[in-house]
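Trainee: I'd like to ask you about the structure that follows.
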Amino acid sequence: MDKFQTLRSTAVPLPLENIDTDQIIPARFLKSTTREGFGANLFADWRYASNGEPKHGFVLNDTRYHGQILLAGHNFGCGSSREHAAWALYDAGFKVVISSEFADIFRGNALNTGLLPLQVSAEVLQRLVARVTHYPNTQLEVDLPTQTLSVPVWNESFAFDIDLYKKECLINGYDDIDYLLSQQSAITTYEEARTWSI
């Protein structure tokens, strides 16, 4: 995974509630076991007509909106447990999804992929969506070490929570195996000092 410390980016507003994993990446595209290539089919049924042409009016087809942050509605990532949903978002270039609530399994899959699910209050989310919708070039800044989301134009910052283990993994670009390998010296020291009984 790429290391994640701070990100300053514009955002893409998609404030629909209860976006499930089948809407994020439809089941017919789940034919690969590697993470690459899913971004092209992100939100495919909303994004493309049956002939493959981009649908007018869908936010990912609107050139006003761009960036590495997705502003999503409440209960994002509900539905099936497919990790491909997080893979598709990451492969499409998103590094952060902001919502007022995430499905637990999606949250875990996102963190394991290197995608930060950043939860804010419903009020803050509503304000962010309104701002970005009307002013698409609004910059947001995510600082993972300090766990803050800032909106420079407002001169405001908002704290967010994250599991400390997953925070360390994201900052260092570790998956679970990488983290264990990073602790090899401490593990060796512990094992050498341990008294074994038979």
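Trainee: Report every pair of residues separated by at least 6 positions or lying on different chains whose Cβ atoms are under 9 Å apart, first residue within region 137-165 and more than 22 Å from PHE102 (Cα to Cα), second of a type in the set (Phe, Trp, Tyr).
Mentor: VAL153/TYR135
Trainee: Only one of these is open to solvent by 40 Å² or more (accessible area, probe 1.4 Å) and either over 23 Å from VAL132 (Cα atoms) or not basic (Lys, Arg) (or both): LEU71, LEU60, LEU42. Name it.
Mentor: Just one listed residue meets the conditions, LEU60.
Trainee: So which residues in region 46-62 are among the hydrophobic types (A, V, I, L, M, F, W, C) and touching a residue at least 12 places away in the same chain (Cβ under 8 Å)?
Mentor: TRP46, PHE58, VAL59, LEU60
Trainee: Does ASP91 satisfy the condition of being at pLDDT below 95 and within 30 Å of PHE29 (Cβ to Cβ)?
Mentor: No; evaluated as a whole, the condition is false for this residue.
Trainee: OK, next. So VAL132 fits all but one of (1) touching a Ser or Thr at 6+ places or on another chain (Cβ under 8 Å); (2) assigned to a loop (DSSP other than H, G, I, E, B); (3) not acidic (Asp, Glu); what number is the exception?
Mentor: (2)
Trainee: Only one residue in VAL124, VAL142 is in contact with a strand residue (DSSP E or B) (Cβ under 6 Å, 6 or more places away or on another chain), open to solvent by less than 60 Å² (accessible area, probe 1.4 Å) and assigned to a strand (DSSP E or B), so which one is that?
Mentor: VAL142
Trainee: Something else about it: Looking at ILE98, is it at pLDDT 95 or above and either part of a helix (DSSP H, G or I) or over 19 Å from PRO15 (Cα atoms) (or both)?
Mentor: Criteria not met by ILE98.
Trainee: Ok, one more. From the set of residues in region 23-39 that are in a helix (DSSP H, G or I) and modelled with pLDDT under 95, which is least open to solvent (accessible area, probe 1.4 Å)?
Mentor: GLY39
The values are calculated or read from the model by the stated rules, or taken from the named source; none is laboratory data. Remember, predicted model here, so these are calculated numbers, not experimental data. Don't worry about glycine lacking a Cβ; one is built from the backbone with ideal geometry, like all the others, and counts go over all protein chains shown. SASA here: full protein model, heavy atoms, side chains in, ligands and nucleic acids out. Shrake-Rupley method; radii C 1.70, N 1.55, O 1.52, S 1.80 Å.
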